[in-house]
Amino acid sequence: MKSLILAGPMIASLISFSGAQAAPATGAALFAENCAACHQPKGEGIAGAFPALAKNAFVKGDPKVVAATILNGRGGMPSFRSDLSDAEIAAVLTFVRASWGNRAVPITPVVVASARSAKVAEGPRKIMQAH
Amino acid sequence: MAMMDETSGPAAGVLTRRRFIERLGLVGGTTMILAGMEALGFGIGSAHAAPPVLTGSGNGKSIVVLGAGLAGMTAAYELTKSGYKVTVLEARSFAGGRCQSARAGVTITELGGQAQTCNFDDGLYINHGPWRIPYHHRSTLHYTKTFRVPLELFVNDNDNSYVYFEKGTGPLAGKPIRKGQIAADARGNAAELLAKVVNKGGLDLPMTQEDRDLFVAYLVNEGYLSPKDLAYSGAEGRGYEIHPGAGVDPGPGKLTTPYSMTDVLHSKTWSVLTSVAGYEQQRTMFQPVGGMDRIAKAFEKQVGHLIRYSSVVQKIKQSDAGVEVAYTDSDGKPAVVKGDYCICTIPLSVLKSIDMNVSAPFKEAMNNVAYAPVGKIGLQMKRRFWEEDHAIYGGHVHTDMRDIGSMSLPSTGFQSQKGVILGYYQFGNEAAKISAKTPAERAAHAVAAGQKIFPEYAENFETAFSVAWHRVAYNLGGWAEWKEDGRRDYYPTLCKPDGRIYLAGEHLSYMTGWQAGAIESAWQQIAHLHRRVMA
Ligand SMILES: Cc1cc2nc3c(=O)[nH]c(=O)nc-3n(C[C@H](O)[C@H](O)[C@H](O)COP(=O)(O)OP(=O)(O)OC[C@H]3O[C@@H](n4cnc5c(N)ncnc54)[C@H](O)[C@@H]3O)c2cc1C
């Protein structure tokens, strides 16, 4: 070959997708996507590893505290602050609080927004670093 | 000592310092040189370069070590050398803990997940746990050297690899760009701007005219500027469109045209550039030839006879007389092992659910550290298209694609037929999200992302092996992540023994998520334990 032309990247750029706007996800879909890997599909958790969300007093408790937990993370649970919008967090929490025997008032995006603007008591989490 | 005088006083300078170092070498060999370098402020390594010297004998005192990861095996190896009687309980059927490599036949079943068996061809592997070693992790390197584990270079930075950013704007968004081209153009354009302003006296710099001229000369060099008009118009190092060759065709070849500063800025790809490498991440690092688990296997050769495999710790009880550890053995039957002391290397994410009689503050401290969700996937490719078609030999592909983190090309087996690519390496909520998918869905996700960068990706993909460390039993997370308040309020408590129980592992170091952290934590704890036994 007489030269090394950058054919690969050019082709790749032609087939790259133009991010189509998806319809807003439901609470159930958001749960399946973001939470179910650990808390399990029916919120049953895994003993000794991931807490069950079904019939969980904490989950059914103060909306502000619950919203802050998703925003800031807790124990091994990561923060979803930069990944989920207020509306999405409200939707997924409302779903969890009304599923698997849980019964608690819905959580509104307004509550999430105010939890988001509250100062994080323990300071921001260290940015995840590669090892 | 006379030589100290030579290094102080008005004459002390580079030459005398070098003489000092040479003298040290004459007296005490390399170790002396290293210690001397440290004294002069040329620190080159982690706090400890060699295991503690345990003078005197453990005199047959018995130690129960929990966990046969690197921390546990380090403790077992060093304590045995000093006359202690060591028993190691390990939950898994193999030693090494996180220090694993996946090759044909390796199986994994995540909590709540499907069983996976690695189907890579013979000789191929992925380091789905630890994969690179910095030059200053002298503790890890101490054992690779002692146990004769051959190392090779790990390509941690490659100018010819791609950066793929789709969240920026402009003509470079959503296009694979050679990292070296971004580096050349970002720095070249920045140097041009600065050089022109400085040259015109446009900046109020506290510099003499001579310094200013030298600064401009530096910028000309740094940014490949034309000395005549201080313009940046590309650089040889960013590559050729037609490479130089023989005769008149291709002859001199044809240089590539630089990207404009605006395009580079808006692409956001510059975020992968920094003027120097990080402390933990250097441009070249090390990896064991054949897989990271060669380190685990080398330790196992030394201490394997002390390990009781498939032995899951259930309860740790201590009294004035000693420690008693209840576990289920390889047949699932309850068993007990007793000892004078216990060194427990079980990750805190797991340990906090195990019944043990320690003080309330100790218990509370164990509950106050988070473990990182981390995901990796290895993709076996039929053909090394990244080498053959793109001339990329090792290194990473940095991207801002969702739920990918970064990708990496193998630093081993260059120019052979097949290879295993690291298809993603993500953390936090991205790792949590992808771990909800089945192994097949994860592979599909990784391949779709890779296809955006390499058109040959999907057609060459053969088989995958993925792991989500937060869902792996006996680990429940990639590594400990201490927050500031945790380091302040809880970490020191755990570094001290609770009665006869000493904790060790990467989580009890400031090198969390590194093998050196596990090894050096073990070194520190056995030194403390030994001092107590000798007292
Ligand atoms: C994805 C990833 C990438 C990494 N990259 C790097 C890297 O590039 N370089 C580097 O140096 N380090 C890296 N690390 C970190 C490195 O792997 C760890 O710091 C180190 O291996 C931890 O050793 P350890 O002995 O402290 O813990 P482990 O290796 O986890 O050992 C603990 C042992 O305890 C056992 N155990 C758990 N529960 C029980 C029980 N109930 N009963 C009995 N035994 C039990 C476990 O099975 C395990 O063998 C990486 C880690 C991950 C996950």
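The values are calculated or read from the model by the stated rules, or taken from the named source; none is laboratory data. Computed from a predicted structure; not experimentally measured. Cβ: placed from backbone, ideal geometry, glycine included. Neighbour counts: every protein chain shown.
Worth a mention:
- Just one of the listed residues (B:ALA431, B:ALA444) is assigned by TED's automatic domain parsing to the domain that holds B:GLY395 and surrounded by fewer than 24 Cβ atoms within 10 Å (Cβ to Cβ), namely B:ALA444.
- Selection count where residues are under 28 Å from B:GLN318 (Cα atoms), within 16 Å of the ligand (Cβ to nearest atom) and either under 21 Å from the mean Cα position of the chain (by Cα) or touching a residue at least 40 places away in the same chain (Cβ under 8 Å) (or both), scope region B:455-509: 19
- Residue within region B:158-172 that is within 16 Å of the ligand (Cβ to nearest atom) and not basic (Lys, Arg) present: no
- Count of residues meeting criterion [of a type in the set (Lys, Arg), out of contact with any Cys (no Cβ under 9 Å at 6 or more places or on another chain) and facing another protein chain (nearest Cβ under 7 Å)] in region B:467-495: 1
- Answer residue from region B:257-269, given it is among the hydroxyl-bearing types (Ser, Thr, Tyr) and buried (at least 18 other Cβ atoms within 10 Å of the Cβ) and is farthest from B:ARG187 (Cα to Cα) among those: B:SER267
- Hey, B:LEU141 closer than 26 Å to B:GLY394 by Cα, within 12 Å of the ligand (Cβ to nearest atom) and at pLDDT 95 or above or not: yes
- Scanning region B:335-365 for residues that are away from the ligand (no atom under 12 Å from the Cβ), surrounded by fewer than 22 Cβ atoms within 10 Å (Cβ to Cβ) and assigned to a helix (DSSP H, G or I) turns up B:ALA360, B:PRO361, B:PHE362, B:LYS363, B:GLU364.
- Extreme residue, nearest to B:PRO176 (Cα to Cα), among residues of region B:402-427 that are away from the ligand (no atom under 15 Å from the Cβ) and facing chain A (nearest Cβ under 10 Å): B:ARG402
- Residues that are surrounded by fewer than 16 Cβ atoms within 10 Å (Cβ to Cβ), of a type in the set (S, T, N, Q) and touching a residue at least 12 places away in the same chain (Cβ under 8 Å) within region B:224-256 comprise just one, B:SER233.
- All positions within region B:86-110 that are touching a Leu at 6+ places or on another chain (Cβ under 9 Å) and more than 10 Å from the ligand (Cβ to nearest atom): B:VAL86, B:THR87, B:ARG103, B:ALA104
- All conditions in (1) in contact with a helix residue (DSSP H, G or I) (Cβ under 7 Å, 6 or more places away or on another chain); (2) under 29 Å from B:LEU89 (Cα atoms) hold for B:PHE461, with the sole exception of (2).
- Every residue from region B:287-334 that is over 33 Å from the mean Cα position of the chain (by Cα), away from the ligand (no atom under 12 Å from the Cβ) and not in a loop (DSSP other than H, G, I, E, B): B:LYS317, B:GLN318, B:VAL323, B:GLU324, B:PRO334
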